[in-house]
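The values are calculated or read from the model by the stated rules, or taken from the named source; none is laboratory data. Just so it is clear, the structure is predicted and the values come from calculations on it, not from any experiment. Reconstructed Cβ throughout: ideal geometry from the backbone, glycine too, with neighbour counts over all protein chains shown.
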Amino acid sequence: MGRLSNKIAVITGAARGIGRAAALRFAEEGADVALLDIGRDVPGVPYPGARGSQLGEVQAEVEALGRRAMTLAADVTNTEQVNQAIASVLKAWGRIDILVTAAGIDSWAKAWELTDEQWQTMIDVNLTGVWKCARAVSPALIAQKSGAIVFIGSVLSHRANREFAHYTAAKHGVLGVMRAFALELAPYGVRANSVDPTVVKTDMVMNQAYLDRLGGHPGTTLDEAREYYLKWNTLPIPWAEPVDVANAALFLASEEARAITGIALPVDLGALLK
Ligand SMILES: NC(=O)c1ccc[n+]([C@@H]2O[C@H](COP(=O)([O-])OP(=O)(O)OC[C@H]3O[C@@H](n4cnc5c(N)ncnc54)[C@H](O)[C@@H]3O)[C@@H](O)[C@H]2O)c1
């Protein structure tokens, strides 16, 4: 018996990174997973987006673990696409037990130099898109009187970082949205929590544009980034792996966390101690 035996999970941002890791961990623990992703570049984001084909690859990986998987090509900022995606899961599989909101983007500029487009896109994807997905699954969870939502926040849900005013605002917003859903869904036996990572080894941060921002010069190497992050974190580990975040999401989604709602769980290598 897995820790999510026969549960149905919807995971956004599932084509790669943390969403993919959650899909695979959840499947290993017995869940069927619906994999939602935009599968293309997001305008204004300074690194390549996931490809549509990656969603199919994750589907195959889940199926190889002996669980069902379906792919949902959808943009979390688009109400119609989100609602249709959730409706299609309910139609095919009859219920939804878990939502993990891992779809997200990054960009950077000084707080006073962000463009309207950078600000708006960030809020649309990383905050409003998260709320739209939670909104879309809530009626099913309420009707079932069970379920769990795991929001993927960030250490920037709790503190600021230079050149990330829009991301910090969105992630602080996710903390608020998580608490609101936890409060309002609790009477129905539905829980909501967040996992708030420090830097995680995914394409969001392990791309040359991000590394160059970090190092302050073109061609910044992974070794330079390692030195930077060893100072940012407290444990002597430069970055978390996607599975570290997936494991925390797994715990919060499982019955082991039945008494836990409304909490933000940092997976932060001690970064918030500083
Ligand atoms: N990697 C880190 O260091 C880190 C740290 C803290 C928090 N996070 C958060 O973790 C979550 C996952 O990020 P990741 O590191 O796996 O990044 P990633 O870029 O590897 O994956 C993000 C996924 O979200 C998808 N996506 C982006 N915009 C979308 C949209 N509008 N609709 C649907 N899908 C969309 C992308 O296609 C991609 O597959 C994000 O919310 C991110 O903010 C990441």
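Observations on the structure shown:
- The residue that is nearest to PRO187 (Cα to Cα), among those in the stretch 232-247 that are in contact (Cβ under 8 Å) with a residue 12 or more places away in the chain and more than 12 Å from the ligand (Cβ to nearest atom), is ASN247.
- In the stretch 77-96, the residues that are farther than 12 Å from VAL137 by Cα reach residues that are part of a helix (DSSP H, G or I) and small (Gly, Ala, Ser) with C-beta atoms within less than 7 angstrom, at least six apart or across chains, in these pairs: THR77/GLY129.
- Test set (1) within 11 Å of the ligand (Cβ to nearest atom); (2) in contact (Cβ under 8 Å) with a residue 24 or more places away in the chain - ARG159 fails condition number: (1)
- The number of residues in the stretch 2-26 that are outside any helix (DSSP H, G or I) and over 9 Å from the mean Cα position of the chain (by Cα) comes to 11.
- Verdict on ASP116 being modelled with pLDDT of 95 or more, within 12 Å of the ligand (Cβ to nearest atom), surrounded by fewer than 21 Cβ atoms within 10 Å (Cβ to Cβ) and not aromatic (Phe, Trp, Tyr): no
- Number of residues in the stretch 31-63 that are buried (at least 17 other Cβ atoms within 10 Å of the Cβ) and not aromatic (Phe, Trp, Tyr) equals 18.
Residue-by-condition table, conditions (1) within 16 Å of the ligand (Cβ to nearest atom); (2) touching a residue at least 24 places away in the same chain (Cβ under 8 Å); (3) farther than 18 Å from ARG159 by Cα; (4) in contact with a helix residue (DSSP H, G or I) (Cβ under 7 Å, 6 or more places away or on another chain):
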{"residue": "THR202", "(1), (2), (3), (4)": "yes, yes, yes, yes"}
{"residue": "ALA209", "(1), (2), (3), (4)": "yes, yes, yes, no"}
{"residue": "HIS217", "(1), (2), (3), (4)": "no, no, yes, no"}
{"residue": "ALA225", "(1), (2), (3), (4)": "yes, no, yes, yes"}
{"residue": "TYR228", "(1), (2), (3), (4)": "yes, no, no, yes"}
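- Residues being touching a residue at least 40 places away in the same chain (Cβ under 8 Å) and within 9 Å of the ligand (Cβ to nearest atom) - total across the stretch 50-71: 2
- Condition check for PRO187 on (1) on the phi > 0 side of the Ramachandran plot; (2) loosely packed, with under 15 Cβ neighbours inside 10 Å: one failure, at (1).
- Residue match in the stretch 165-184 (condition: touching a strand residue (DSSP E or B) at 6+ places or on another chain (Cβ under 9 Å), assigned to a loop (DSSP other than H, G, I, E, B) and surrounded by fewer than 16 Cβ atoms within 10 Å (Cβ to Cβ)): no
- Test for GLY216: is it at pLDDT below 95 and either on the phi > 0 side of the Ramachandran plot or among the acidic types (Asp, Glu) (or both): yes
- Every condition in (1) out of contact with any strand residue (DSSP E or B) (no Cβ under 7 Å at 6 or more places or on another chain); (2) surrounded by fewer than 20 Cβ atoms within 10 Å (Cβ to Cβ) is met by ALA264 except one, and the failing one is (1).
- Flag if ALA9 is crowded, with 24+ Cβ neighbours inside 10 Å, small (Gly, Ala, Ser), touching a residue at least 60 places away in the same chain (Cβ under 8 Å) and closer than 17 Å to ALA74 by Cβ: yes
- Taken over the stretch 230-254, the criterion of being outside any helix (DSSP H, G or I) and of a type outside the set (Val, Ile, Thr) is satisfied by ASN233, LEU235, PRO236, PRO238, TRP239, ALA240, GLU241, SER254.
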